[in-house]
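S.K.: Following this message is one structure expressed as structure tokens.
The values are calculated or read from the model by the stated rules, or taken from the named source; none is laboratory data. If you're wondering where the values come from, they're calculated on a predicted model, not measured in any experiment. Neighbour counts run over all protein chains shown; Cβ positions are idealised from the backbone, glycine included.
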Amino acid sequence: MSGIRRAVRIDRWTIISVIIWLTAVLFILPFFWMVVSSFKREIDVFRMPVHWIPEPFTWQNYVVVLTGAHPLSRYVVNSLIVAVLRVLGDLFTASLAAYGFARLRFRGRDALFLLYVSTLIIPVQMLLVPRFILFRQLHLYDTLWALILPSVFTPFGTFLLRQFFLGIPPELSDAARIDGAGEFAIYWRVILPLAKPALAALAILAFVWSWNDYETPLVMLTTESNFTIPLGLTSYIDENGGFSASLIMAGSVLAIIPIFVVFLALQRQFIEVISRSGLKG
């Protein structure tokens, strides 16, 4: 009987594994097509049936994207500036707020936290027009600061870090207070070193959100020299709606490389904190 149960269990996991692999292939296939198309001539990108091996194989699309009239390097630099400053600002401000909500006791703390987190339900698109008006009045419109400043403090970052901070034993903070440490010293020297997985997870999420943000640059930027990558890729679309698919594919492949690098560098911490952050309330 145990042998039958073991065989059923093995068959069940085999079926689940096959389904997972098929799903993975289904999701990877469009990405693979994008990479392959970046090495094709424009005329071959949409040829039917699809040729999964470029014939002929050409690097010309990458040469044009990197050195042509609209060099991708300019957009990459802008995206890096915006993403790095967004990430650093979000890590600092969200961790401070999370420390206050998780470790300090004051009247109305939980109600205030609930009210603050509830702002996550507000669609970002509703804030674009007020931000546009504000930055026009502050003379920050059409600058990278119009992309950076609204994202250096996020409710999601505060929520994620607070959940992680709640899992850190309070005895560590009490011991530091006995030794004479103030609240900021406890936050900086005790809590943050223990929260590296949560900080890494937030860094990945903030970087990806910033890197892929298209709507905000579309509203806030008009000068091409300030474009970030998502908006810069539209430079390969002319005023009549015509576009070069091969150039867009090559630019898209180059654009996702930094995301892969960041995720591969921090993936272990990301998985750890996602599995732990929902355990405490």
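S.K.: Looking at (1) over 27 Å from the mean Cα position of the chain (by Cα); (2) modelled with pLDDT of 85 or more; (3) of a type outside the set (A, V, I, L, M, F, W, C), find the lone condition where G180 falls short.
M.R.: (2)
S.K.: Follow-up. All but one of (1) modelled with pLDDT under 85; (2) among the aromatic types (F, W, Y); (3) in a helix (DSSP H, G or I) hold for F57; which doesn't?
M.R.: It is condition (3) that F57 fails.
S.K.: Go through region 10-54 and give me each residue that's outside any helix (DSSP H, G or I) and either touching a Lys or Arg at 6+ places or on another chain (Cβ under 7 Å) or of a type in the set (D, E, K, R) (or both).
M.R.: Within region 10-54, K40, R41, R47, P54 meet the criteria.
S.K.: Among the numbered conditions (1) surrounded by fewer than 17 Cβ atoms within 10 Å (Cβ to Cβ); (2) in contact (Cβ under 8 Å) with a residue 60 or more places away in the chain; (3) of a type in the set (S, T, N, Q), tell me where S151 comes up short.
M.R.: (1)
S.K.: Taking A98 as meeting all but one of (1) in a helix (DSSP H, G or I); (2) out of contact with any Ser or Thr (no Cβ under 8 Å at 6 or more places or on another chain), write down the number of the exception.
M.R.: With (1) in a helix (DSSP H, G or I); (2) out of contact with any Ser or Thr (no Cβ under 8 Å at 6 or more places or on another chain) applied to A98, the lone miss is (2).
S.K.: Looking at region 63-93, which of the residues that are buried (at least 21 other Cβ atoms within 10 Å of the Cβ) and among the small types (G, A, S) is nearest to I237 (Cα to Cα)?
M.R.: Filtering first and then ranking leaves S79.
S.K.: Still on this structure, I have one more. Would you confirm, using the coordinates I've provided, whether L114 is exposed (fewer than 14 other Cβ atoms within 10 Å of the Cβ) and in a helix (DSSP H, G or I)?
M.R.: Yes, satisfied.
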